[in-house]
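The values are calculated or read from the model by the stated rules, or taken from the named source; none is laboratory data. All values reported here derive from a predicted model rather than from experimental measurement. When we count neighbours, we look across all protein chains shown, and the Cβ atoms used for this are built from the backbone with ideal geometry, even at glycine.
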Amino acid sequence: MTKKITVMFGGIQGEGVVSTGDTLIRALSRSGYFAYGYRTFSSRIKGGHTNYVIEVCTKKVLSCSDKLDILVAFDQDTIALQYKKLKKGGLLIYDDIILVKELQNTLEDKNIQWISVPLTGTAKEYGATVMKNTAIIGILGKLFQLPFSKLEGVIHQSFQKKSEEILVKNLSVLKKSYETPFAEDFDHLQYTLSPSADQTIRAAMIGNEAIALGALSAGCRFMAAYPITPASEIMEYLTKKFPQVNGVMVQTEDEISAVTMTIGASYAGTRSMTATSGPGISLMMEGIGLAGMAEIPLVIVDAQRGGPSTGLPTKHEQSDLNSLYYGPHGEIPSIILYPYSVEECFYQTIEAFNLAEKYQCPVFILSDLNLSLSRQTIDPLDIHQISIDRGKVASASSHNLPSSKSYKRFLFTDDGISPRAYPGTPDHMHPITGIEHQESGRPDESDQNRSRMMEKRMSKLKPLKDLPGIDLFGNPNSSLLILSMGSNFGIIQDAVASLDTPVAIGMMKRIKPLPASQLSCLFQQYHKILVVENNCTGQLANILKQETGYHQQIHSLLKYNGLPFTHQDIQMKIEELI
Amino acid sequence: MPSAMDYSNNTTPTWCLGCGDFSVLRSLQGAAARLDIAPHNLAVVSGIGCSGRISGYLNVYGFHSIHGRALPVAQGIKLVNPELTVIAAGGDGDGFAIGTAHTIHAIRRNIDITYVVMNNQVYGLTKGHTSPLSTTGFITKSTPHGSIESPIKPGILALSAGATFVAQGFSGYQEQLVHILTKAILHKGFSFVNVFSPCVTFNKTNTYQWFREHLLNLDDIDNYDSHSLQSAMNQYLATDGLFTGILYENDDPDYYSKLPGERGSAVVHQNLDISDQFNQLMEDFY
């Protein structure tokens, strides 16, 4: 039987709530269980309430339930702000230094159990105050009945790089917390996780880490980026790993420099990327146009957050679609991929590098805050499933490619794609420019040349329209298809799972060029199409209407308050439509 | 030994007759020939404006980028392929208006490239507008009552950003310019070269004649110590920036030599397959 427990940690931002959540997820993933974490944080370094919700499950899980089974409170604020999210009969675990007298009546009304545990106390006695985070790992580990060795393992991994003393103290805090028995009147057995069917040790990752690892695996060896929430983990990972593969990461002075430096490195023949969020995309637009015009491969990650302007810098939204879809001034070919799970972040990043070099144009890997930052237990990533395709490249020794005298960088070809020549290749010197140019690369503003060149560039991506770009889930024997993108996948899947009505789900993993052939099949198969997206104007729905013409069948569910959809949001809309 | 003409692609420049940029183009070709750089190993990245066209007139890997962004593009190229000689060139608008931030940070990074500012103190291609290097009082279409802003002092800005090579040339002194560019290319690190390149159409103040009358040649100063930051600053201030020659140079290590890790061959030549390291990389996530 599937067992699910939803637990929230709440406390003061900057006091270790995030690392505690991450540690618990790792411990669960190592023990054969699945976990999915969702972080709520604000745009400040220390202070203010922060919380981390973790869905613990005996099978794969990709969203958190709307209501909590367990609330762990490190401070008074957490109880006041979050206890209403507890289910009837839920459990409040709080640090015994907190006074809960005022809340007692309310908690009793809601039929909530509460237990106080000496988190700060144990931490202080066996280590230091900050180790209250380790104390709660011990207590929850015991509550779930996770093997102590697994907990020990993750604590080891978390602290082995610090001093021996810190590690030893954390281990004693863990041991003491794990060994202290619960009060006799507390029915803790209902929280025991049944032994997992398989004892498989799984990895836990956030989307940004999977994108970065995907880039490394795809042969990306250069990154230029400017720090921004929620994309920074990508540059942080690559700058750590690049030295071992002779790669280079540069933290630039701004996003304009990031994108143009990436273009330079890519032009020179290295797989290169940049990563940013909405504000950075706005700054990069002119550079993106250059890559489109000069036919230079370019991979850009856009981890979306709430816009416009500074908007909601630490909240979830999917509102950059229009910017990327309609792109810079003028018209360029570009590709938008949108993974919907951490595993897909890995594979689609690899795909992005292949597409960028095959079609010699900008490729966006779209993500959202929820996908980029939510840590989750993942299925094994298979490096052997991937291939690296550098596309058409001219070299001094290739005989089937144009010889030196006639080398034309922008040669007209049947598929619109001309072989690139990296600087350093003998006899292939050529100019390139953002000005309209002839096959040779020299500027040419004549009307005839302009039309032909525009058609060359814009026809390159035609074959993609016939390739599928939507992954299908749910029950196909339905009249309703939900189309959505990114991290909404887990939420929709879990929301639909508990309904009796059959509902089909389609995840848009390529938004540009739209998978036109596949879409027209789907519009014929399903009477109603519900487009679920986190923005105010229905950007995806509008693009689908514009490109497919099936206006009558398309319905929208929108949310733009900075929070992801809840299961209930989805369920209510489905009930309304069916 | 190649000749300067080996670096020409026989395109007729769009520049006005007498434009200072002709001399910059010929001097670059001359320096490349003097250093015997194979044309395929030379990448020239330019910005936008009259000066930006220079990359299209060379038989090399020429990259005409966007306004103000020649430097980031050039840095990207050099970082992944240090075997190339990389030169960025642009106008005073590229370097000191729209791209000022890149100028400062490129200098600070000290990547081994040469940056040539083709400085005519006016926006020529927009048909005569003021530049951040125009003198106060300069009359243009956008400053009909005379510019009321102070010009940037490029050399001082470069020195304060930590430049390891700062020089100035003049289109009218081509032999010296070839020499300066040769030294700049040889310098291991970021070389900043500001070239007074008169605009014969829109700048009737800073003309060839005017420069000949006002420029001091540092080569004429006995015992000028180009390795002293103090002398460089003093010299710049004493002449109000009106000089030619190598103002400052030092031997600080360049960016590439400071990168962490064992750096064997260029990034661009790396094997991209990491499947043998993949399991070890996954260890971080358990």
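Residues that are in a helix (DSSP H, G or I) and closer than 19 Å to A:TYR267 by Cα were ranked within segment A:221-257; the one that is nearest to the other protein chains (Cβ to nearest Cβ) is A:SER257. For segment A:485-522, the tally of residues that are free of Cβ contacts under 8 Å to residues at least 60 places away in the same chain and not in a helix (DSSP H, G or I) stands at 7.
Please verify whether segment B:95-108 includes one or more residues that are touching an Asp or Glu at 6+ places or on another chain (Cβ under 7 Å) and closer than 14 Å to B:PHE190 by Cα. Yes, the conditions are met somewhere in segment B:95-108. Quick check, is A:ILE505 aliphatic (A, V, I, L, M), over 17 Å from the mean Cα position of the chain (by Cα) and under 25 Å from A:GLU343 (Cα atoms)? Spelling it out, A:ILE505 is indeed aliphatic (A, V, I, L, M), over 17 Å from the mean Cα position of the chain (by Cα) and under 25 Å from A:GLU343 (Cα atoms). When the residues of segment A:104-137 are filtered to those that are of a type in the set (Val, Ile, Thr) and closer than 21 Å to A:ASP22 by Cβ, which remaining residue is surrounded by the fewest Cβ atoms within 10 Å (Cβ to Cβ)? Step by step, filter segment A:104-137, then rank; the result is A:THR129.
Mind listing whichever residues of segment B:148-189 are of a type in the set (Val, Ile, Thr) and over 11 Å from the mean Cα position of the chain (by Cα)?
B:ILE148, B:ILE152, B:ILE156, B:THR164, B:VAL178, B:ILE180, B:THR182
The C-beta contact set for segment A:383-395 (first residue within 12 Å of another protein chain (Cβ to nearest Cβ) and in a helix (DSSP H, G or I), second residue surrounded by 15 or more Cβ atoms within 10 Å (Cβ to Cβ) and not aliphatic (A, V, I, L, M), distance under 8 angstrom, 6+ apart or interchain) comprises A:ILE383/A:SER217; A:ILE383/B:PHE278; A:GLN385/A:TYR347. Considering segment B:68-90, the residues that are surrounded by fewer than 24 Cβ atoms within 10 Å (Cβ to Cβ) and more than 8 Å from chain A (Cβ to nearest Cβ) include one that is nearest to B:THR12 (Cα to Cα), namely B:THR85.
Note on segment A:457-484: residues that are in a strand (DSSP E or B) and not acidic (Asp, Glu) total 9. Of all residue pairs spaced 6 or more apart or on separate chains, those with beta-carbon atoms under 8 Å, a first member in segment A:432-444 that is more than 7 Å from chain B (Cβ to nearest Cβ) and under 14 Å from B:ARG53 (Cβ atoms) and a second member that is surrounded by 18 or more Cβ atoms within 10 Å (Cβ to Cβ) and of a type in the set (S, T, N, Q) are A:GLY441/A:THR433.
Residues that are free of Cβ contacts under 8 Å to residues at least 12 places away in the same chain and facing chain B (nearest Cβ under 7 Å) within segment A:409-430 comprise just one, A:MET429. Quick check on my filter: what residues within segment A:259-278 are in contact with a helix residue (DSSP H, G or I) (Cβ under 7 Å, 6 or more places away or on another chain), more than 7 Å from chain B (Cβ to nearest Cβ) and under 17 Å from B:ALA70 (Cβ atoms)? Passing the criteria: only A:VAL259.
When segment B:112-127 is limited to residues that are among the hydrophobic types (A, V, I, L, M, F, W, C) and crowded, with 24+ Cβ neighbours inside 10 Å, the one that is nearest to the other protein chains (Cβ to nearest Cβ) turns out to be B:ILE113. Taking the criterion of being in contact with a Gly (Cβ under 7 Å, 6 or more places away or on another chain), surrounded by fewer than 22 Cβ atoms within 10 Å (Cβ to Cβ) and in contact (Cβ under 8 Å) with a residue 24 or more places away in the chain, the only residue of segment A:241-256 that qualifies is A:ASN246. Quick check on A:ASP320: is it touching a helix residue (DSSP H, G or I) at 6+ places or on another chain (Cβ under 8 Å), over 29 Å from A:CYS536 (Cα atoms) and not assigned by TED's automatic domain parsing to the domain that holds A:ASN488? In short, no.
Residues A:TYR550, A:TYR526: which one is surrounded by fewer than 23 Cβ atoms within 10 Å (Cβ to Cβ) and touching a helix residue (DSSP H, G or I) at 6+ places or on another chain (Cβ under 8 Å)?
A:TYR550
In summary, A:GLY289 fulfils each of the numbered conditions (1) within 13 Å of another protein chain (Cβ to nearest Cβ); (2) touching a helix residue (DSSP H, G or I) at 6+ places or on another chain (Cβ under 8 Å) with the single exception of condition (2).
Anything in segment A:532-573 that is within 16 Å of A:LEU321 (Cβ to Cβ), without any contact (Cβ under 8 Å) to a residue 40 or more places away in the chain and of a type in the set (A, V, I, L, M, F, W, C)? List them, or say none. Within segment A:532-573, A:ALA541, A:ILE554, A:LEU557, A:LEU558 meet the criteria. Scanning segment B:235-256 for residues that are more than 18 Å from B:ALA161 (Cβ to Cβ) and exposed (fewer than 13 other Cβ atoms within 10 Å of the Cβ) yields B:ALA238, B:ASP240.
Listed here are the residues, each with its yes/no results for (1) more than 19 Å from the chain's Cα centre (by Cα); (2) part of a loop (DSSP other than H, G, I, E, B); (3) farther than 17 Å from A:MET485 by Cα.
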position	(1), (2), (3)
A:ILE300	no, no, yes
A:HIS316	no, yes, no
A:HIS329	yes, yes, yes
A:PHE346	no, no, no
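Scanning segment A:158-215 for residues that are under 35 Å from the mean Cα position of the chain (by Cα), surrounded by 15 or more Cβ atoms within 10 Å (Cβ to Cβ) and not in a loop (DSSP other than H, G, I, E, B) yields a total of 25. Are any residues in segment B:3-57 within 13 Å of chain A (Cβ to nearest Cβ), closer than 24 Å to B:HIS187 by Cβ and not in a helix (DSSP H, G or I), and if so, which ones? Within segment B:3-57, B:ILE37, B:ALA38, B:LEU42, B:ALA43, B:VAL44, B:VAL45, B:SER46, B:GLY47 qualify.
Taking the listed residues A:ILE335, A:ILE300, A:ILE281, the one that is more than 11 Å from every other protein chain (Cβ to nearest Cβ), hydrophobic (A, V, I, L, M, F, W, C) and more than 30 Å from B:PRO260 (Cβ to Cβ) is A:ILE335, with no other qualifying. Inspection of segment A:75-82 identifies no residue that is part of a loop (DSSP other than H, G, I, E, B), of a type in the set (Gly, Ala, Ser) and either assigned by TED's automatic domain parsing to the domain that holds A:GLU184 or within 30 Å of A:GLU179 (Cβ to Cβ) (or both).
Per the listing A:GLY219, A:GLY269, the residue uniquely within 24 Å of the chain's Cα centre (by Cα) and of a type outside the set (Val, Ile, Thr) is A:GLY219.
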